[in-house]
Amino acid sequence: MFDSGEVPWGEDPPFRAPAFVVTHRPREVLERKGGTSFTFVTEGVERAIELAREAAGGKNVAVSGGGVLLRQVLAAGLLDELTLHIAPVLLGDGQRLFDASLGLGPTDGIELTPATVVDTPDVTHVTYTVNGRAKLLLDDRGSGAGPGNAEEGPRR
């Protein structure tokens, strides 16, 4: 995210707070106007979030970036809340947000509880509370075979 944003953000980025960039390329801290600074962290996502929490002094810390970074944060169990911005555009290819790199087995999952939904014609914003890892319980909900529906059979 930083690589594509550094030039367009210019000298006065919109963050107004310290930002910690997870990278493999060491670089000096970059100071910008409005209270934004970029610290480049080469020790991994856990260290970046640790530094961000220290800088926030008890306030909330936001994680922004692509699917690879978010998967690392989820896999490490460092996310309390997840906001997805869903645009009505279908792409033929791209990065998967949730995949095997999360270290989930076939009966494991990350439990998300919807907290808020804001729907507009251009985008839907869904915020979930992350409840941590949970075993998936398979059941027959949605099959139509529940109480009172035995004669109907599966719905299609």
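Can you pull out every residue in segment 57-87 that is free of Cβ contacts under 8 Å to residues at least 24 places away in the same chain and either out of contact with any helix residue (DSSP H, G or I) (no Cβ under 8 Å at 6 or more places or on another chain) or over 22 Å from G5 (Cβ atoms) (or both)?
Filtering segment 57-87 down to residues free of Cβ contacts under 8 Å to residues at least 24 places away in the same chain leaves 57-63.
Across segment 57-87, the qualifying residues are G57, G58, K59, N60, A62.
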task = List the number of the failed condition for A48; all other conditions in (1) over 27 Å from L136 (Cβ atoms); (2) in the same structural domain as L138 (by TED's automatic domain parsing) hold.
result = (2)
Qualifying residue in segment 87-98 (condition: at pLDDT 75 or above, outside the structural domain of R53 (by TED's automatic domain parsing), touching a Leu at 6+ places or on another chain (Cβ under 9 Å) and of a type in the set (K, R)) = no
message = Contact list please: Cβ distance under 9 Å, first residue in segment 123-136 and in contact (Cβ under 8 Å) with a residue 12 or more places away in the chain, second residue β-branched (V, I, T) and buried (at least 16 other Cβ atoms within 10 Å of the Cβ), pairs at least six apart or on different chains.
response = V130/I110; N131/I110; G132/I110; R133/I110; A134/I110
inquiry  = Looking at (1) crowded, with 16+ Cβ neighbours inside 10 Å; (2) part of a helix (DSSP H, G or I); (3) polar (S, T, N, Q), which one does T39 not meet, given that it meets all the others?
reply    = (2)
request  = Run down V21, V61 and say which single residue is assigned to a loop (DSSP other than H, G, I, E, B) and on the phi < 0 side of the Ramachandran plot.
outcome  = V61
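In segment 130-149, which residue that is assigned to a strand (DSSP E or B) and exposed (fewer than 13 other Cβ atoms within 10 Å of the Cβ) is modelled with the highest pLDDT?
Filtering segment 130-149 for residues that are assigned to a strand (DSSP E or B) and exposed (fewer than 13 other Cβ atoms within 10 Å of the Cβ), the one modelled with the highest pLDDT comes out as N131.
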task = Exactly one condition in (1) of a type in the set (S, T, Y); (2) within 21 Å of L69 (Cβ to Cβ); (3) at pLDDT below 75 is not met by T107; state its number.
result = (2)
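The values are calculated or read from the model by the stated rules, or taken from the named source; none is laboratory data. Remember, predicted model here, so these are calculated numbers, not experimental data. Counting neighbours? That spans all protein chains shown, and the Cβs are built from the backbone with ideal geometry, glycine included.
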